[in-house]
């Protein structure tokens, strides 16, 4: 099998010498292509922190995270931006939809950033909306739709670019 994600001995600390919190303590695991992995634990156990370091929202204190053979803990600047834009899809716990954009525009945003042409964007947004059962709400704004519909819009936005890795923080 092909490894998509390899987490090696990662640690994450917050705070300073007088008030240090260890959020992640020497975690290692791999995820193979096509595999679905769930992370469970008590509130405050580091689940979101783990997702945040894998998604490069936050940085590890120690260890390495390899996505498709590339150590993303070493990425900076434009290379880090390119990784986020092209390799990763993230579904946030609180949706993170832009209130001033319609459902269509929220989904299309990721493709617009990648400079995909308008016809291709339209084709892909409509196809993903059809699959997720949200085609009828594409012209609505986030405040006009239900929580479940918001989550499907956020899911569509995360997968519209065909990322190598999709991370979801409590998507249900």
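Computed from Cα atoms, the angle from the helix 103-113 axis to the main principal axis of the chain rounds to 60 degrees.
Sort 82-91, 150-159 by packing, meaning the average of other beta carbons within 10 Å per residue, with the highest value first. Intermediate results must be reported in sequence, preceding the final value.
Working: 82-91: 17.7, 150-159: 22.5.
Averaged packing, sorted descending, gives the order 150-159, 82-91.
In the chain, Cα pairs under 8 Å separated by at least six residues give a relative contact order of 24 percent. Pairs of Cα atoms nearer than 8 Å and 6+ residues apart set the relative contact order; for the stretch 1-76 it is 38 percent. The long axis of helix 77-87 is offset from the longest Cα principal axis of the chain by roughly 60 degrees.
If a/c stays under 1.5 just call it rounded; otherwise compare a/b with b/c (prolate if a/b is bigger, oblate if not). Do that for the chain, with a ≥ b ≥ c from the square roots of the Cα gyration tensor eigenvalues.
On the way: a/c = 2.07, a/b = 1.67, b/c = 1.24.
Cα axes put the chain in the prolate bin.
Per-residue packing, averaged as other Cβ atoms within 10 Å, sorts the ranges 31-37, 68-74 into the order 68-74, 31-37, beginning with the highest.
Mind pulling the angle between the C-alpha long axis of helix 118-132 and the longest principal axis of the chain? Nearest 10 degrees, somewhere in 0 to 90. Roughly 80 degrees, rounded to the nearest 10.
Estimated from helical segments only, the mean residue ellipticity of the chain at 222 nm is -10500 deg cm²/dmol, where each DSSP H run of four or more residues counts as -39500 (n - 2.57).
Values quoted throughout were computed directly from the atomic coordinates according to the rules given, and no laboratory measurement underlies them. Source: prediction; values computed, not measured. Using ideal geometry, Cβ is built from the backbone for each residue, glycine included, and neighbour counts are taken over all protein chains shown.
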